[in-house]
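The values are calculated or read from the model by the stated rules, or taken from the named source; none is laboratory data. These figures come from a predicted structure and were not determined experimentally. A quick note on method: Cβ atoms are made from the backbone with ideal geometry, for glycine too, and the neighbour counts reach across all protein chains shown. SASA here: full protein model, heavy atoms, side chains in, ligands and nucleic acids out. Shrake-Rupley method; radii C 1.70, N 1.55, O 1.52, S 1.80 Å.
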Amino acid sequence: MAMRRVFAVALLGSLAGCSAGNVALPPPNSSGATSRATSSYAVVYNFRGSPSDGNVPMQSLVSDGSGSLYGITAFGGGSVQTCNGGCGTFFGFDPSSHRETVLYSFGATRHDKQLYPNFILFHDGSFYGTTLNGRKNDSGTVFKITPPASESGTWSESTLYHFRGAPRDGSYPGQIIIDASGTIYGAAAAGGPSHKCNLGCGNVFMLKPPAKNGEWRETVLHEFEGAPDGAGPNSLTFAPNGTLYGETNGGGPSSACGSHKGCGTVFALSRSRHGSRWALSIVHAFRTSKGPKNDGEFPNGGLTVASNGALYGVTAYGGPATHCYVRGYDWSGCGTFFLLKPAASGDRTRWTESILYLFKGAPADARGPDSLAFEGRGFYGTSAFGGQGYCNRYWGCGTLFHLSPPGRDSHWSETMVHSFSGGTSDGHDPSGPVIAAGKDFYGITMYGGAYCQFGCGTIYELRP
């Protein structure tokens with residue numbers, strides 16, 4: 001099982017996909033068919049691991065707007081004495097030359113107590129991200145990486161906030177977003193006062209920047225309790241009206257997913273009229289009596305907000321129980337692509353879910369979709385399993401797919417853009433959505449490639 005799957009089980013999920021923002025999409029319909037792609041795919045970089053390079057790239061690449069791409073690895077770098085295999089790296093990648101450069105190694109000094117970065121974004125000239133461990137409580141941090149002032153300078157890193165863990169604070173932060181004022185919003189997969197989850201059910205937090213040289217100040221916007229609101233929040237996105245939408249990997253009122261005590265939820269956080277308080281409402285709880293047939297389980301790919309206020313997303317499981325059934329587990333199905341639509345009256349407490357596509361699993365389709373990114377009139381996404389490869393107990397090495405809106409047949413359709421094969425010639429377990437760089441797209445795989453026992457991971461290029 002890939003590393004981020006281990007985190008998802010142990011922490012009820014801390015990894016998330018990226019939001020495509022406010023987009024215009026055509027109306028929904030029912031599940032459709034799978035087809036093959038004719039896109040050009042190539043591995044353009046193989047990670048090498050410690051001490052000179054990173055190992056296990058996480059999430060997705062990010063752009064600085066000038067054509068350069070950046071990313072993080074969970075392991076590797078020059079900190080092998082601090083962490084077994086290195087504490088992780090921050091790297092740059094030049095699409096034109098396919099050259100990768102390690103710009104910063106986490107844990108490289110005795111003062112750097114941040115370990116295992118798992119998210120990165122670019123904002124206002126700098127990079128912000130989170131680590132799963134770090135500081136004395138090992139509950140994770142939010143950090144900032146600043147580029148050098150001159151070409152001969154070095155990149156610098158600073159800790160903005162370190163989490164204290166249960167019961168007073170969150171732990172294991174995942175994705176963060178930043179608004180125009182520089183305020184950071186994020187989801188911590190665990191921590192908090194609730195005893196309904198082994199490590200706490202997590203929270204949504206806000207970090208206010210200091211006026212000058214003071215400390216960043218945290219405000220907890222909501223502490224999850226498992227049922228009925230959810231557990232393990234993993235992704236956030238803002239709607240144009242200021243509402244904050246997110247997902248939880250588990251929890252909720254459903255009893256269909258056994259030991260996870262719920263199949264996950266989609267939630268909304270809205271400010272009070274004066275902006276001092278936030279109120280949470282459940283947009284949808286998966287696998288409840290009010291849900292549709294073949295409803296999804298465990299949403300984890302991030303949400304896209306359409307121009308009409310609708311929400312698009314994927315679930316890692318769900319769909320027909322006969323597909324991708326795993327004996328001995330309370331959940332089943334290969335995953336779903338869903339739409340949540342608010343009531344026509346504008347009542348944001350009433351939503352309707354539609355299943356747009358049901359994934360079918362190996363060898364012809366994806367299994368366990370875990371990221372989604374809007375592109376053109378459809379979506380690119382990745383899946384942990386599925387495809388024609390023989391990784392992960394023959395469940396497949398993962399896929400890169402494209403979801404196209406209804407055409408003449410009035411159904412959403414899926415195209416298998418690439419089926420990962422693993423080994424030394426290809427990656428496996430793609431992480432995060434693809435990112436555009438000019439006319440080409442770039443993505444990463446956590447494993448596979450020419451180096452390390454199971455592959456240190458790869459960067460791939462897609463030419464649609």
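Below are the figures for this structure:
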{"quantity": "Pair list, Cβ < 9 Å and 6+ apart or interchain, from the range 445-464 residues that are farther than 12 Å from Cys397 by Cβ and among the charged types (D, E, K, R) to residues that are open to solvent by 60 Å² or more (accessible area, probe 1.4 Å) and at pLDDT below 95", "calculated": "Glu461/Ser40; Arg463/Ser40; Arg463/Lys439"}
{"quantity": "Within the range 71-90, tally of residues that are part of a strand (DSSP E or B) and either open to solvent by 30 Å² or more (accessible area, probe 1.4 Å) or within 16 Å of Glu461 (Cβ to Cβ) (or both)", "calculated": "2"}
{"quantity": "Gly107 vs. criteria assigned to a loop (DSSP other than H, G, I, E, B), within 19 Å of Leu121 (Cβ to Cβ) and either touching a residue at least 12 places away in the same chain (Cβ under 8 Å) or not β-branched (Val, Ile, Thr) (or both)", "calculated": "no"}
{"quantity": "Some residue of the range 360-379 being of a type in the set (Phe, Trp, Tyr) and within 15 Å of Ser40 (Cα to Cα)", "calculated": "no"}
{"quantity": "Filter result (open to solvent by 10 Å² or more (accessible area, probe 1.4 Å), in contact with a Pro (Cβ under 9 Å, 6 or more places away or on another chain) and assigned to a strand (DSSP E or B)) within the range 435-460", "calculated": "Ala437, Asp440, Phe441"}
{"quantity": "Condition broken by Tyr390, with the remaining ones in (1) buried (at least 23 other Cβ atoms within 10 Å of the Cβ); (2) more than 19 Å from Leu372 (Cα to Cα) satisfied", "calculated": "(1)"}
{"quantity": "Which numbered condition Ala310 fails, given (1) open to solvent by 20 Å² or more (accessible area, probe 1.4 Å); (2) in contact (Cβ under 8 Å) with a residue 40 or more places away in the chain", "calculated": "(1)"}
{"quantity": "Matching option when the condition is closer than 15 Å to Gly296 by Cα and at pLDDT 90 or above, among Gly368, Gly386", "calculated": "Gly368"}
{"quantity": "Members of the range 408-433 found to be open to solvent by 20 Å² or more (accessible area, probe 1.4 Å) and closer than 29 Å to Pro51 by Cα, listed by number", "calculated": "Ser421, Gly423, Thr424, Ser425, His428"}
{"quantity": "Residue that is farthest from Leu372 (Cα to Cα), among those in the range 265-301 that are small (Gly, Ala, Ser) and in a strand (DSSP E or B)", "calculated": "Ala279"}
{"quantity": "Residue identified as part of a strand (DSSP E or B) and under 28 Å from Glu100 (Cβ atoms) among Thr415, Thr382, Thr424", "calculated": "Thr382"}
{"quantity": "Scan of the range 49-58 for residues that are part of a loop (DSSP other than H, G, I, E, B) and under 16 Å from Tyr460 (Cβ atoms), ordered by number", "calculated": "none"}
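Every residue, every condition in (1) assigned to a loop (DSSP other than H, G, I, E, B); (2) closer than 25 Å to Gly77 by Cβ, yes or no:
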site: Arg393; (1), (2): yes, no
site: Asp409; (1), (2): yes, no
site: His428; (1), (2): no, yes
site: Pro433; (1), (2): no, yes
site: Leu462; (1), (2): no, no
